[in-house]
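The values are calculated or read from the model by the stated rules, or taken from the named source; none is laboratory data. Please read these numbers as outputs of a predicted model, since none were measured by experiment. Cβ placement follows ideal geometry from the backbone for every residue including glycine, while neighbour counts extend to all protein chains displayed. Accessible surface is based on the protein model in full, side chains and every heavy atom, while ligands, DNA and RNA are left aside. Shrake-Rupley method; radii C 1.70, N 1.55, O 1.52, S 1.80 Å.
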Amino acid sequence: MATIIFIPGLNCDADLFADQIAMARKTHRVAIADTTRDDTITAMAGRLLDENPDDELILVGLSMGGYIALEAQAQAPERINRIALFDTNARADAPEAVENRQRLIALTEAGRFDEVCKTLWSKLVAQGRQQDTALRARVDAMAASIGPEAFIRQERAIMGRRDHRARLPEIRIPALVIVGDEDVLTPPALSQEMAEALPQATLGIIPDCGHLATMEHPEAVNRALAAWLAT
């Protein structure tokens, strides 16, 4: 039986994948990657592989989790059976993104982590979910569980990640690429770019959905994930 490793995004914990974990546990072993202790994507991927020594791994990553999934596949391609990339991209950080992350790190170091989380919220979900207090509470709870120190490590890791576009054609395993059509952080064009380069990719674009597809539209994500796992 293969192990599905769910890899959370920036400032997120396992609740990001709560609905997907509940579904996957019926048919697979499930693990959650630890993304809180390292300050490089390379080290996060290495920790994932060390802590899950199985030879049949299915990686499911959202946003930063996707960066880690791509890096883990690069480090141990023979151990990765499938890869799912949600609301993410294969590029390195653009200069303007690095500047924005440095600003958020500075605010966090100044004791303004709550302000940082409020700023991020408006970019995380679709316009129609901006006033969703229940979803906002879950996102805030995840941020509280991660905390400012780990958030800073994650931001530094994301800034230093490498570009994986050139090696996407070499990833000859089933790939599932999902993105929300209103994702402003990793727009659909970046998912389309990955899907076109990956030899065995399935692309899904979810309507009325922002960056947190697994929480905003869990049913749609679960349908796509279940169908992909069954093929």
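Electrostatic tally near Pro207: other residues with Cβ closer than 10 Å to its Cβ, Lys and Arg +1, Asp and Glu -1, net -3.
Given a 1.4 Å probe, how much area per residue of the chain is accessible, in Å²?
Values: 9860 Å² over 231 residues.
Here the residues of the chain average 43 Å² of exposed surface.
Any chance you could check the Cα centroid distance between the stretch 155-231 and the stretch 114-130 for me, in angstrom? Cα centroid of the stretch 155-231 versus Cα centroid of the stretch 114-130: 20 Å apart.
Other residues within the sphere of radius under 12 Å centred on the Cβ of Arg79, judged by their own Cβ, net out at -4 (K and R +1, D and E -1).
Take the solvent-accessible surface of the protein heavy atoms, probe 1.4 Å, and return the percent of it on the chain that carbon and sulfur atoms account for. Present the calculation step by step, with values, prior to reporting the outcome.
Details: 4930 of 9860 Å².
Summing carbon and sulfur atoms, their accessible area is 50 percent of the total for the chain.
Kindly state, to the nearest 0.05, the FRET efficiency for Asp132 paired with Ala227, given R0 = 35 Å and r defined as their beta-carbon distance. Before the final figure, lay out the partial values.
Working: r = 27 Å, r/R0 = 0.77.
Efficiency for this residue pair is about 0.85.
Once both labels are positioned 7 Å from their Cα atoms along Cα-to-Cβ, the gap between Glu78 and Ala166 label points is 2.4 nm.
Working from Cα pairs under 8 Å separated by at least six residues, relative contact order for the stretch 1-121 is 25 percent. Residues Ser63, Ser122 ordered from highest to lowest accessible area at a 1.4 Å probe: Ser122, Ser63.
Diffusion of the stretch 128-231 by Stokes-Einstein, at 4 °C in a medium of 1.567 mPa s and with Rh set to the Kirkwood radius over alpha-carbon pairs, works out to 83 µm²/s.
When only C-alpha pairs under 8 Å and at least 6 residues apart count, what is the relative contact order of the stretch 25-86, in percent?
That works out to 33 percent.
What net charge do the residues around Asn222 carry, taking every other residue with its C-beta under 14 Å from that of Asn222, with Lys and Arg at +1 and Asp and Glu at -1? Neighbour charge sum, excluding Asn222 itself: 0. Averaging the sequence gap over all C-alpha pairs within less than 8 Å and six or more residues apart, then dividing by the number of residues, gives the chain a relative contact order of 25 percent.
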